[in-house]
Each structure stands twice: as structure tokens, then as C-alpha cells.
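For reference, the structure discussed in these notes is given below.
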Amino acid sequence: MKQPAPHLLSEFQWGGLTAKNRVVMSPMTRGRAGATMTANSMMAQYYAQRASAGVIITEGTFVSQEAVGWNHAPGIWTDQQGDAWKQVVHAVHEKEGTPIFLQLWHTGRASHSDFHNGSLPVAPSPIRHEGDAIHTPSGHKKPHEIPRALKTDEIPRLVEDYRKAAERAKFAGFDGVEIHSANGYLLDEFLQSKTNHRTDQYGGSVENRFRLLREILDACQKVFDASRIGVRISPNGSFNDMGSPDFRETFLYAAEQLNKVPLAWLDVLDGLAFGFHELGEPITLSDIRGVYRGRLMANCGYDREQAEKVIKDGLADFVAFGRPYLSNPDLVERFANGWELNDVAPQRVWYSRGAQGYIDFPTYRESGPKGVSTSR
Ligand SMILES: Cc1cc2nc3c(=O)[nH]c(=O)nc-3n(C[C@H](O)[C@H](O)[C@H](O)COP(=O)(O)O)c2cc1C
């Protein structure tokens with residue numbers, strides 16, 4: 001019998017998991033984990049409020065102390081931090097059985113020595129981030145520093161940090177992990193020629209620049225089946241002072257290589273709504289589809305109609321929504337019923353402290369079309 005054509009709200013099954021729709025909550029750092037960088041009950045409530053998503057990907061979560069580079073974002077480098085995530089996983093699973101993946105994060109050169117008792121942030125090469133100043137733990141913004149290049153013999157330890165973080169995520173009950181290789185953080189810095197000037201086996205050719213991601217992927221597969229590991233890339237992005245002249249060659253090579261592993265998904269920020277480097281024609285989903293036949297997740301600037309289209313056209317299996325999820329916990333219900341969305345949350349609450357602008361956005365059923373958070 002002919003299968004009905006997939007659409008945004010149709011179910012999707014893979015790797016023993018069921019997403020009740022193709023709407024994914026995109027990973028979003030919210031800075032609510034406190035100075036100990038530990039998941040808490042408020043975070044559990046926030047994610048459970050959004051459990052009608054087909055899949056939830058958590059905010060970026062530090063794989064090690066060295067990976068830290070954002071105030072009050074969560075970590076998973078200690079057993080205590082790992083255990084604290086159990087309440088989040090439990091709340092989401094209990095509410096709607098929604099698959100939830102933890103995003104593994106290392107901020108690389110986009111960090112500051114103030115996060116590391118004066119030790120410089122690490123990167124593939126000593127090339128400074130020339131973008132906006134960074135919020136340091138003191139509360140002051142400071143310019144970025146020239147990072148310290150990781151030594152070749154430090155790489156096995158780095159890979160092991162990711163494996164251990166994946167192991168803790170599994171122990172906490174996560175359905176899988178997403179490896180954050182986007183937005184100018186460490187793994188993106190290794191991939192891109194702008195930030196990777198190494199002369200060892202991790203730099204130079206595109207094959208070499210891809211090597212670290214491949215090793216981390218291999219290490220995570222010792223913990224999770226490949227179908228439970230997602231990878232995120234941002235080929236068109238300028239965020240964190242990124243963009244390389246050979247971006248097409250680099251990212252099409254990476255996508256083609258990732259095709260060899262039956263990943264949960266390749267999550268591509270194909271849209272330009274988070275900053276575009278303008279170094280050539282942007283890489284489109286069709287470009288990626290040309291070299292990658294696995295499960296694909298589209299992201300960046302999508303609305304419901306655009307999301308429906310890429311799914312209908314077979315260009316994506318999932319669409320991740322970021323900013324709409326900040327202020328619309330019931331985004332799926334709003335899509336399903338044609339209800340209007342709340343305005344995007346003001347930027348000042350994205351990373352602020354406490355419940356305001358975090359868990360106080362009403363659903364449509366609670367407030368009707370005029371719903372606003374108490375943060376306005
Ligand atoms: C407040 C905020 C925090 C974010 N934090 C992360 C993060 O931790 N990891 C990540 O990969 N992307 C992060 N992003 C990017 C989003 O996942 C998404 O790619 C971006 O917002 C574009 O999608 P949208 O147009 O639907 O918002 C963040 C975006 C926002 C607005």
C-alpha cells in the first residue's frame with residue numbers, strides 16, 4: 001500500500017524511537033543552570049512544557065571544565081551533573097514520552113581565561129575571535145583572547161571527554177546525544193580553514209580538518225548506537241566570527257563523510273537567519289541532499305509553511321525551531337490548530353536568571369491569542 005506523504009505533524013520512527021511529529025526543539029542555551037552548572041527542577045519544568053515537540057535537543061552542555069565558556073550553562077563532566085539531568089529526562093519522558101537528546105558542547109576559542117582560572121581557552125590554532133566581546137563570570141564583557149592551540153597529544157584526552165559525557169548522558173536516561181559541530185565552537189573551528197591552521201593530522205586538508213569530528217563520533221558510538229547520535233553543522237553561519245572561503249568544499253565533504261554513518265540525523269543550519277558569512281552562494285538543503293542520504297534536520301528561520309515544504313519535498317525529515325520555542329511552549333498545538341504564535345521573547349530574557357521569561361510563557365489554551373509572558 002502506498003504510504004501517505006510525510007508532513008510536519010506526521011509521525012517518524014527510527015532507531016527504536018518514535019517522534020510523534022517532525023517538529024524539533026532546537027538546542028538553546030538559556031543560562032539557568034546556576035554557578036554550579038548543574039541541571040535543576042526549573043529546567044525540567046521548562047523542557048516538559050515543550051514536550052509536545054517530536055524531539056527535544058537540550059541546550060549545549062559542557063563536556064569538560066575546559067569546554068566551559070558561557071555563564072550558568074549546564075555541564076555533564078561530573079557524575080553529579082550527570083545525575084542532575086535525570087530529573088529533566090524523566091519530566092519529558094513522563095509527560096509525553098518525547099525523545100530527548102543532550103547536546104555535547106565545547107566552546108573552544110569562544111571562551112575566556114576568566115572561565116579557567118587564567119588559563120587561555122583552547123582551539124585548533126592561536127587565532128583570535130574578532131567578534132563581539134564575551135560575557136565573563138565577573139559579569140563584565142571582555143574582548144576575546146588569542147587561544148592556545150591544542151597539542152596533538154591532547155586530542156585523545158579531548159575525544160575521551162566526549163565519550164565520557166555521552167556515557168553520563170546515557171546513564172541519565174537520554175535517548176541520544178547531538179554533537180555540536182556548529183556556530184564557531186571547538187569542532188566547527190577544527191572543520192573550518194579560517195580557524196584551523198594546524199600542520200599535524202588534524203589540520204591542512206579537509207580530510208584532516210574532519211578527523212577530530214570523526215574520532216569523536218567513533219568514541220560516542222562506543223556508548224550509543226549511531227542512530228542515537230546527531231551531528232550539527234552550520235555551513236553558512238557567521239556567528240562567532242566564522243566563515244571560510246572553502247566552506248562549500250569543507251561542508252559538502254563533511255556531509256558526504258557523515259553519510260557513511262547511519263546517524264540519528266544531520267542537523268544543518270541551512271537558513272541564513274542567524275548570520276550569513278556571504279562568502280559565496282549559501283549551501284542549501286538540496287546541496288546537502290546531493291551528498292547525504294540519511295536523516296536530515298533543517299533549521300534556521302523556518303516558519304510552519306517553509307517547514308511543511310521542505311518535508312513534503314523530501315529535503316528534510318525534521319525541522320528544528322529555535323526562537324519560536326522560547327515563547328511558545330505549545331508550538332506544535334499552535335501549528336496543528338492554526339493558532340497564532342506569541343511574539344519572539346525579548347533578547348534580554350534569553351540568558352537571564354530565574355523563571356521570568358523562561359517558564360512563564362502561556363500556552364494558547366491558557367491565554368488565547370493575546371498571551372504574553374510576565375517578562376514584558
Ligand atoms: C537563546 C538561544 C540560544 C541558543 N543556544 C544554542 C545552543 O546551545 N546550541 C546550538 O547548537 N544552537 C543554539 N542556538 C541556535 C538555535 O538552536 C537555532 O539554530 C537558531 O536559533 C536558528 O533557529 P530559529 O531561526 O528557529 O531560531 C541558540 C539560539 C538562541 C536564540
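The values are calculated or read from the model by the stated rules, or taken from the named source; none is laboratory data. Note that the coordinates shown come from a computational prediction; the quantities given were computed from them, not determined experimentally. Reconstructed Cβ throughout: ideal geometry from the backbone, glycine too, with neighbour counts over all protein chains shown. The accessibility values were calculated without ligands, DNA or RNA, using every heavy atom of the protein model including side chains. Shrake-Rupley method; radii C 1.70, N 1.55, O 1.52, S 1.80 Å.
Couple of notes before you dig in:
- Residue 229 closer than 30 Å to residue 143 by Cα, crowded, with 20+ Cβ neighbours inside 10 Å, touching an Asp or Glu at 6+ places or on another chain (Cβ under 9 Å) and at pLDDT 95 or above: no
- Residue 91, sole failed condition from (1) open to solvent by 20 Å² or more (accessible area, probe 1.4 Å); (2) in contact with a strand residue (DSSP E or B) (Cβ under 8 Å, 6 or more places away or on another chain): (2)
- Figure legend. Inter-residue proximity from the range 267-284: first residues under 15 Å from residue 302 (Cα atoms), second residues among the aromatic types (Phe, Trp, Tyr), beta-carbon distance below 6 Å, spacing 6+ or different chains. Indicated pairs: 274/239; 275/239.
- For residue 54: the one exception among (1) small (Gly, Ala, Ser); (2) crowded, with 22+ Cβ neighbours inside 10 Å; (3) more than 21 Å from residue 328 (Cβ to Cβ): (3)
- Check on residue 175, within 17 Å of the chain's Cα centre (by Cα) and charged (D, E, K, R): yes
- Residue pairs whose Cβ atoms lie under 9 Å apart, sitting 6 or more positions apart in sequence or on different chains, and linking a residue in the range 248-260 that is more than 16 Å from residue 236 (Cβ to Cβ) to a partner that is open to solvent by 10 Å² or more (accessible area, probe 1.4 Å) and basic (Lys, Arg), are 257/214; 258/214; 259/293.
- Filter result (assigned to a strand (DSSP E or B), within 14 Å of the ligand (Cβ to nearest atom) and in contact with a helix residue (DSSP H, G or I) (Cβ under 8 Å, 6 or more places away or on another chain)) within the range 295-314: 298
- Search result, residues across the range 191-208 that are in contact (Cβ under 8 Å) with a residue 60 or more places away in the chain and either more than 16 Å from the ligand (Cβ to nearest atom) or part of a strand (DSSP E or B) (or both): 194, 195, 196, 197, 198, 202, 203
- Checking residue 43 against (1) of a type in the set (A, V, I, L, M, F, W, C); (2) within 16 Å of the ligand (Cβ to nearest atom); (3) surrounded by fewer than 24 Cβ atoms within 10 Å (Cβ to Cβ), the condition it does not meet: (3)
- Any chance residue 39 is of a type in the set (Gly, Ala, Ser), part of a loop (DSSP other than H, G, I, E, B), within 20 Å of the chain's Cα centre (by Cα) and more than 18 Å from residue 161 (Cα to Cα): yes
- Taken together, the criteria place residue 271 among residues that are surrounded by 15 or more Cβ atoms within 10 Å (Cβ to Cβ), within 10 Å of the ligand (Cβ to nearest atom) and assigned to a loop (DSSP other than H, G, I, E, B).
- A single entry from 69, 15 fulfils the requirement of being within 16 Å of the ligand (Cβ to nearest atom) and in contact with a Ser or Thr (Cβ under 9 Å, 6 or more places away or on another chain): 69.
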